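Take a look at the structure below.
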Amino acid sequence: MLSRSRWAEYRTFLEAARNLGYGLVSFEDWLLDGPKQGPMLVLRHDVDQHPATALKMAAVEHELGVASTWYFRWRTASGPVVDGLRERGCAVGLHYETLSRQALAGNVTDLAGIKALVPSARYALRAEIAAFDARFGPCRTVCPHGDTRVPQARNAWLLQGQQPGPFGISVDANAGMTGRDLDYWLTDRSRAEGAWQDAVDPMTLVRSLRSPILCVTHPNNWCAGPSLWVDRAARGVLGAPRGAVDHPTWTRTGSDDPPI
């Protein structure tokens, strides 16, 4: 994990897409406002670790006049980071893991037991979204996050078949993809040398004018390896701040537990 940062690579990719005629649009806008004219590169970011890296990636986009969509786990939800993104015109939402967290807390690993948790997890998710809104401003969309420790627990179940209004949102990111005419789902992967999932070449995609392309990235995969390890070490030495709400070392990954 001693890799160099890849911000210049990300900028080059966005510039190439724009020069080829792509519209660079926020995932939330694309999801809620419908299809756009011309080839589209739809930008979504999941902040799973090291929240300070979100501002690094957002700075690249902002210089190009681009605003995107960012989903934060409770452990990465930082007031200063979210504020910095909103100042750049970005959309922000909760990357929820309510069901998997309840399964882990209760040591529930069988599928039947996990599904029995769904009603209580849905109730808890409503409270989590309200808490997120209160601390970080309103979010129109949310997105489920997975947990490899309990892969049977699919957080996406919580909003499947549910009306979003009672949860305080306009749409769930996964549910909103149903019926969408998406051409390609492009995502990064966590590797020291930097790579895209399935070894795809993003430049080949945009040169072929594939559209719409959903580009899902994790900013911690693009930072320098030492930067990521410093963040992890700080959490190990200093502990996890409760709820990751404004605290002096806001670059540090926080707690998995929602502040409710």
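The values are calculated or read from the model by the stated rules, or taken from the named source; none is laboratory data. Here the structure is a predicted model, which is why all the values come from computation and not from measurement. Reconstructed Cβ throughout: ideal geometry from the backbone, glycine too, with neighbour counts over all protein chains shown.
Conditions first: (1) in contact with a Cys (Cβ under 9 Å, 6 or more places away or on another chain); (2) under 24 Å from Thr109 (Cβ atoms). Asp147 passes all but one, so which condition is the exception?
Result: Asp147 passes all but (1).
Determine if segment 181-203 includes at least one residue that is surrounded by 13 or more Cβ atoms within 10 Å (Cβ to Cβ), small (Gly, Ala, Ser) and modelled with pLDDT of 95 or more.
no
Would you pick out the residues in segment 47-71 that are surrounded by 23 or more Cβ atoms within 10 Å (Cβ to Cβ) and either over 23 Å from Ala8 (Cβ atoms) or modelled with pLDDT of 95 or more (or both)?
Val47, Ala54, Met57, Ala58, Ser68, Thr69, Trp70, Tyr71
Can you tell me which residue is nearest to Leu214 (Cα to Cα) among those in segment 41-76 that are assigned to a helix (DSSP H, G or I) and charged (D, E, K, R)?
The extreme case among them is Glu61.
Please go through segment 14-29 and pick out each residue that is closer than 17 Å to His62 by Cβ and surrounded by fewer than 16 Cβ atoms within 10 Å (Cβ to Cβ).
Glu15
Keeping to segment 72-114, report how many residues are of a type in the set (Gly, Ala, Ser) and crowded, with 21+ Cβ neighbours inside 10 Å.
Here the count works out to 6.
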